[in-house]
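S.K.: Okay, handing you the structure first.
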Amino acid sequence: MSGWTPVLVAVGAAIVVAVAGGVLTTTGPWYRGLRLPSWKPPDWAFGPVWTTIFTLTVISGLMAWNGAPNAEARSALLVAYAVNGVLNIAWSGIFFRMRRPDWALVEVAFLWLSIVALMLVTVPISIIAALLLLPYLAWVSVASYLNLTIVRMNAPFGAH
């Protein structure tokens, strides 16, 4: 069973992050009342895109974990993935539950940097594993620009 432990932990962590982010994401009247750019991806696309990103991230993490040369490298991976998971969840809470796209814009910069950090701790172990994180970085880059556009189109926030 110990050979399956990293797989179970990685899949479990991805599920926790995905479910927590999903629970915090509410597209109710407040969100529907926002002015959104015409180029915003359709709502139905977010589920498949995030499923793909989480799948690739789990594969990347497992490749890096299994290829890590020592406990120090594995500790760096754990810290990087934990920070990234917290930031991933936090964005949904700030944007949707707190209704603060302006604060979420600041937070998403840290989320983006945490993906870069994941890639940096992964690349010395496996270039392929690091490259598997590129779709995540690309999607969060698009999401960051969408977040910025929403702030520009709807500010100020927090006045109510």
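S.K.: Among what's in the range 147-160 and is surrounded by 15 or more Cβ atoms within 10 Å (Cβ to Cβ) and either closer than 23 Å to THR51 by Cα or polar (S, T, N, Q) (or both), pick the residue that is nearest to the chain's Cα centre (by Cα).
M.R.: The residue in question is ASN147.
S.K.: Of the conditions (1) out of contact with any Lys or Arg (no Cβ under 8 Å at 6 or more places or on another chain); (2) polar (S, T, N, Q); (3) within 25 Å of GLY28 (Cβ to Cβ), ASN154 clears all except one; give me its number.
M.R.: The number of the failed condition is (1).
S.K.: If a residue must be under 17 Å from TYR145 (Cα atoms) and in contact with a helix residue (DSSP H, G or I) (Cβ under 6 Å, 6 or more places away or on another chain), how many such residues does the range 97-113 contain?
M.R.: The qualifying residues number 11.
S.K.: Taking the range 79-95, which residues are out of contact with any Phe, Trp or Tyr (no Cβ under 7 Å at 6 or more places or on another chain) and either crowded, with 17+ Cβ neighbours inside 10 Å or at pLDDT below 95 (or both)? Show your work before the answer.
M.R.: Taking the range 79-95 first, the residues out of contact with any Phe, Trp or Tyr (no Cβ under 7 Å at 6 or more places or on another chain) are 79-86, 88-93, 95.
Scanning the range 79-95 gives ALA80, TYR81, ASN84, GLY85, ASN88, ILE89, ALA90, TRP91, SER92, GLY93, PHE95.
S.K.: Name every residue in the range 3-33 that is outside any helix (DSSP H, G or I) and loosely packed, with under 12 Cβ neighbours inside 10 Å, in order of residue number.
M.R.: Step one: list which residues in the range 3-33 are outside any helix (DSSP H, G or I), which gives 25-28, 33.
Passing the criteria: THR27, GLY28, GLY33.
S.K.: While we're looking at this one, here's another question. Report yes if some residue within the range 48-64 is at pLDDT below 95 and assigned to a helix (DSSP H, G or I); otherwise report no.
M.R.: no
S.K.: Let me ask something additional. Among the listed residues ALA90, ALA80, which satisfies the condition of being farther than 15 Å from ALA18 by Cα, without any contact (Cβ under 8 Å) to a residue 60 or more places away in the chain and part of a helix (DSSP H, G or I)?
M.R.: On the way: ALA90 fails: farther than 15 Å from ALA18 by Cα.
Within the list ALA90, ALA80, the selection yields ALA80.
S.K.: I would also like to ask the following. Select from the range 108-123 the residues that are within 13 Å of the chain's Cα centre (by Cα) and either outside any helix (DSSP H, G or I) or surrounded by fewer than 18 Cβ atoms within 10 Å (Cβ to Cβ) (or both) and list them in ascending order.
M.R.: Correct list: ALA109, PHE110, TRP112, LEU113, VAL116, ALA117.
S.K.: Which of the residues spanning the range 124-146 are surrounded by fewer than 19 Cβ atoms within 10 Å (Cβ to Cβ), part of a loop (DSSP other than H, G, I, E, B) and not polar (S, T, N, Q)? Steps first, please.
M.R.: Start the filter on the range 124-146 by keeping residues that are surrounded by fewer than 19 Cβ atoms within 10 Å (Cβ to Cβ), which leaves 124, 126-128, 131, 134-135, 137-139, 141-142, 144-146.
Subset that is part of a loop (DSSP other than H, G, I, E, B): 124, 126.
Correct list: PRO124 only.
The values are calculated or read from the model by the stated rules, or taken from the named source; none is laboratory data. For clarity, every value in this text was computed on a predicted model and none was experimentally measured. Backbone-built Cβ (ideal geometry, glycine too); neighbour counts: all protein chains shown.
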